[in-house]
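What follows is a short report on a single structure.
The values are calculated or read from the model by the stated rules, or taken from the named source; none is laboratory data. Just so we're clear, the structure is a prediction, and the values are computed from it rather than from any experiment. When we count neighbours, we look across all protein chains shown, and the Cβ atoms used for this are built from the backbone with ideal geometry, even at glycine. The protein model used for the area step is the full one, side chains on, heavy atoms only, and it has no ligands, DNA or RNA in it. Shrake-Rupley method; radii C 1.70, N 1.55, O 1.52, S 1.80 Å.
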Amino acid sequence: MSLSSPFVVSLFGLILGVTFSIRSAAGDSATTEVADSTQGCVLCFYQPDNMAFDAQNNIYLVDTDHKHRSRILKLTPEGQVLADWRVFTDGPGTNNGPNGIAIDNGGNIYVPDGGAQQMLKLSPMGKIIATFGKASSTVKDDYWHVAVDPTGNVYVVEFGRNLIQEFTSDGKLAAKWHREHGLGSDQWRNPQTIAIGKNDTLVVDDWGNDRIEVLSRTGENKLIFRGAGAMNEGLISSSGACTDSAGNIYVADYQRNRIKEYDFRGHLFNTIKDDRKPRLFEHAPFSIACGRDGNLYSADGLSVIKYTKDGVLLARWR
């Protein structure tokens, strides 16, 4: 199936050796399985995806096969397991798994429960302390990604409805922004990842339009640019964006195995190309996360990699 067709790949588990779910614009889904060896694995991921970091740079990883196995793994900066939390709705046809994850300044964890179609707020010890924001969509797993600003406000993307909602730290709806489906600057085509940007902004990966949008905290456009490549490179697919402490924006391009690095004004200043040996990505960067240690992290097939902003591989965990 063409990756440039109007389909969404949950967890971006495509290319080689991954189990993945594909959703069409109509909302139906099917799961495809491709063999990937887990022989000799230590962590033995189901299928890793997005990550968040606490003040000690411990890693909180959502790991799900989007069928019946979902969990949050808490890892040390060296990749050792500190906790394995299984907090998601169970039962046939309900456990579609999480996609995004975020952590507030108090160490509380926010993650969507795709089966229950609601947000979970967990304590730093992994206990559910609140649920909120029941999704308005009837498509399971439509809550995708989440971000938390320094004041504790929570921003949640409903992928299929072109909707971003803002909640207070105690789960009360504060604002929501909906856009029609389309190519215009005032439209979205299935936004997915969201991050907190520089100067009180939000950074949104408008997946279907292959572009990055920088929004004000009231939802107005401040900047739009193509995230994964130049116009003459053709239609490409991003698999997420993150921001570092300086406000720089990092975008993963899973079709070309590249990471694009932009400043907060949208100016490209570096590209990590997977053309060195040994290769950085065994499969492709299916997600990207900016660690508090200044390094980048990506899910790569059934492994997680840690690498520098110059593309030097520091660790691979599987």
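Some observations on this one:
- Criterion violated by Leu73 - all others in (1) at pLDDT below 55; (2) within 20 Å of the chain's Cα centre (by Cα); (3) within 30 Å of Ile129 (Cα to Cα) satisfied: (1)
- Test: residue in region 108-122 that is assigned to a loop (DSSP other than H, G, I, E, B), in contact with a His (Cβ under 9 Å, 6 or more places away or on another chain), crowded, with 16+ Cβ neighbours inside 10 Å and modelled with pLDDT of 95 or more: no
- Residues that are open to solvent by less than 10 Å² (accessible area, probe 1.4 Å) and in a loop (DSSP other than H, G, I, E, B) within region 289-318 comprise Gly301, Gly311, listed in sequence order.
- Some residue of region 289-296 being closer than 18 Å to Gln192 by Cα and out of contact with any His (no Cβ under 9 Å at 6 or more places or on another chain): yes
- Tally, over region 267-288, of residues that are free of Cβ contacts under 8 Å to residues at least 40 places away in the same chain and not in a loop (DSSP other than H, G, I, E, B): 5
- Filter result (open to solvent by less than 20 Å² (accessible area, probe 1.4 Å) and polar (S, T, N, Q)) within region 166-199: Gln192, Thr193
- Against the conditions (1) over 25 Å from Gly247 (Cβ atoms); (2) among the aliphatic types (A, V, I, L, M); (3) without any contact (Cβ under 8 Å) to a residue 24 or more places away in the chain, Ala174 satisfies every one except (1).
- Residue within region 228-246 that is under 17 Å from the mean Cα position of the chain (by Cα), small (Gly, Ala, Ser) and assigned to a loop (DSSP other than H, G, I, E, B) present: yes
- Number of positions in region 182-200 that are free of Cβ contacts under 8 Å to residues at least 24 places away in the same chain and not in a loop (DSSP other than H, G, I, E, B): 0
- Within region 254-266, the set of residues being open to solvent by less than 40 Å² (accessible area, probe 1.4 Å), under 18 Å from Tyr297 (Cα atoms) and assigned to a loop (DSSP other than H, G, I, E, B) comprises Tyr254, Asn257.
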